[in-house]
Structure formats: structure tokens, C-alpha cells
1. Limited to region 79-91, what total is found for residues that are out of contact with any strand residue (DSSP E or B) (no Cβ under 6 Å at 6 or more places or on another chain), in a loop (DSSP other than H, G, I, E, B) and either among the small types (Gly, Ala, Ser) or over 11 Å from Phe350 (Cβ atoms) (or both)?
2. Give the residues of region 188-203 that are out of contact with any helix residue (DSSP H, G or I) (no Cβ under 7 Å at 6 or more places or on another chain), surrounded by 17 or more Cβ atoms within 10 Å (Cβ to Cβ) and not in a strand (DSSP E or B), sorted by residue number.
3. From the residues in region 288-312 that are surrounded by 14 or more Cβ atoms within 10 Å (Cβ to Cβ) and among the aromatic types (Phe, Trp, Tyr), which one is nearest to the chain's Cα centre (by Cα)?
4. What residue, among those in region 236-255 that are away from the ligand (no atom under 16 Å from the Cβ) and not in a helix (DSSP H, G or I), is surrounded by the fewest Cβ atoms within 10 Å (Cβ to Cβ)?
5. Within region 80-91, restricting attention to residues that are over 25 Å from the mean Cα position of the chain (by Cα) and on the phi < 0 side of the Ramachandran plot, which residue is surrounded by the fewest Cβ atoms within 10 Å (Cβ to Cβ)?
6. Taking the stated definitions as given, is Pro233 in the same structural domain as Met177 (by TED's automatic domain parsing), free of Cβ contacts under 8 Å to residues at least 24 places away in the same chain and crowded, with 17+ Cβ neighbours inside 10 Å?
7. Could you say which residue among Asp258, Asp310, Asp316, Asp322 is assigned to a helix (DSSP H, G or I), closer than 30 Å to Phe36 by Cβ and of a type in the set (D, E, K, R)?
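The values are calculated or read from the model by the stated rules, or taken from the named source; none is laboratory data. All figures in this text were calculated on a predicted structure; none of them were measured in a lab. Heads up, the Cβs are rebuilt from the backbone with ideal geometry, glycines too, and the neighbour counts pull from every protein chain shown.
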Amino acid sequence: MDITSNFDGGNIEVLGPGGPHRIRLAIKKDHQSDFFQWFYFRATGALRADCRILIENASQSAYPDGWHNYNVVASYDRQTWFRVPTEYDGTRLIINHRPEYDVVWYATFAPYSMERHADLIASASVNPLVRIRSIGQSLDGQDIDMIEVGSGGGQEGKRIWFIGRQHPGETMAEWWMEGLLDRLLDTDDPVTRSLLSKARFYIIPNMNPDGSRRGHLRTNAAGVNLNRVWNDPDEKNSPEVYWARRNMERLGVDFHMDVHGDEALPYNFLAGFEGIPSINEKQLRLYHRYQATLARLSPDFQTEHGYPKDAPGTSDLKKCTDWVAERFGCPAMTLEMPFKDNANDPEPTFGWSPERSKHLARHCLDALHELIDDL
Ligand code: ZN
């Protein structure tokens, strides 16, 4: 049996020879960093063998709680990603699977390759509503793409920002972006038509192209966690944030969402900016209203489970949401989706999935539509 990960987004290390009943693997660390959790590999030659795949360093990963009640995803055609029974014994992640074909891919979550990102940009670019900008280059020399949609409202139009995948292993964030763009480019959709008459959209679907291609969990090519440098980004080590911030300064921000995935919590939730120094009543009220509206519109979204809120005045503004909320005085938020599933409506065959991520994005636009006039 052969195991490989030398492809776009791949990550695994083979620890030694062994038959299908004892395949010993380890996840590689992000380059110049200690973070690891994302894996994506291909296995060949195990047709109808009872495979037992051991990921031996699972307990040393960034979020070992992420392995409890978790099942890996697998695919034969790289289109449909289904869940495979997985155990976590406190040390190792153990995948038990009997492949039905010669070749099978396994991953932490349905992968979103840089090739697919290129297809996303190409398909958006031919739409007359869209401008594509390369706002800068990553350290590996990839474009950092920004998609501008519409010019609604003229000078008074609201400026709406969505960014995703600062943490490259959180691939659900870019699947979510596909759903967002599907809806935002559908000019027969009345919600889209109304939004585009009032707002212009600035979308960075992949903030971390290098980490994505390298198969990282959390950092860029220099080992920088991009969501910890927003207060002081460095053109040499974190150009992704440096250029995103420059564009926000240039264009302005009235509403902002940063899209992520959470390894441990089996829910969709938002995190806000309660710890910023200059928090204002209006931005907080709009954020709470957005949260409540999304919970009403999407059964996949909830407000009971999430992160603890920062105490007032304690934020160091390193996180994107906090920095944007402080700098622009507007509602800003971090959307978290599960790697596992939505425990309020579990779907055992696929778990949380690309399709469900896309649906949530569509509902995020519905919720925005309900409050856009008050931004
Ligand atoms: Zn994240």
C-alpha cells in the first residue's frame, strides 16, 4: 500500500513500512511553526483490505479536543467526501476503513485546493459585476486575490467585507465563499438585487494561499499565524494581512466578517469584539441583531455555544475582527463552522460539509439584507 501527500494541500508523513492493518503516519508541522492538525493524503493499493490507519502524533496536535467524537473524511472521486469511522485513544487517531476502490483520499475536512481557488477566481472574473484585484503577493509568490462585486449606492453605498481562510486548514471557509459568490452573482435573486443596489462587496476568499498549498493548518510560509498580527502586520513576514489592511484603509469598512472553522466545537457560531477599547453601542447592537437574525433564518446557526467573550478593554487588537471593529467602529465578526458536524442537526454520512457551508453563506446574506439599511 502506498501513501503520498505530495500534491496541492497535501500533508502527511509515513513513519515506517507496514501492512494495511497497521499503517503508521504522522501529521507534519506547519513550516517554521509548531502548529499541526491538517492532513490530506492518498492511499493506493488497499482495495477491499481492512485498513487500520494510525496517526500517531494526534495528541500533540494544536487542538487534541478536535479528535473527540470526530470522523475523518474520505473520497474516491475527490468530489464527494464522506465520513469514515475514526477513534481517538488519547494518543493516536485511528481510521478504520475498507476501501471500495484502488485509490482513496483522506483528509481532516473536504480539501479546497489552490487549483479550485484559481477556478473560483476565473469563473467570477468573467461576470460583468465583478472586478478581480491582486492586492499583493504572498511569500511564495502567489496572488492574494480580492473579488469586488457591484458598486451599489454610489458614494453612500455600504462597504461590505468578507475574508476567509486566514487559517488555511479551515477549508470550510472557502467552501462557504463559493456559496456566498453563487448567491451574490445571481442577479435573478431578489435579495442579491437589493443588496447590490445598496452596497459594494470586497471579498478575499483565501487570505493564506501559501499555507493552503503547503498543507498547513494555521500559518503562512513564514510560520506566521495571520490572525495574530492585525495590529502590526509586516510586509516581509505577513504581506497577506499588510495588503488586506491597506485596502481596508483605502476603501473603508461598514460591515466585516472573517470566516473560520473550529476543530472542537460541533456548532456554527459567531465571535465578536467585546474587548476593544473604543467599543460603541451602535456597532454592538448591530452585531447582536445580526447574530439573532442569522439564528432565526438558518437552523444550522445558533447562539448558545461559542467562545467566551473578552472582558471590556482587554483586546490587544491582534485578531482581525477586533482590529477592524476598533479601526472602523463598525460591526465585525468571526464566523466559526465545525470540522465535525452541527450537533443540533447531525448528518452522520457527511458531517458538516462543503454543501452545508455554502448554504450557511447564503443565509448570511439574508441576515445582512435585514440590517443593511441601518449600517
Ligand atoms: Zn481559524
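1. 4
2. Residue satisfying the conditions is Leu196 alone.
3. Among residues in region 288-312 that are surrounded by 14 or more Cβ atoms within 10 Å (Cβ to Cβ) and among the aromatic types (Phe, Trp, Tyr), the one nearest to the chain's Cα centre (by Cα) is Phe301.
4. Going through the qualifying residues, I end up with Lys236.
5. First, the residues of region 80-91 that are over 25 Å from the mean Cα position of the chain (by Cα): 89-91.
Filter again for on the phi < 0 side of the Ramachandran plot, leaving 89, 91.
On the way: Asp89: 11, Thr91: 15.
Applying the filter and picking the extreme gives Asp89.
6. So Pro233 fits the description; yes.
7. The match here is Asp322.
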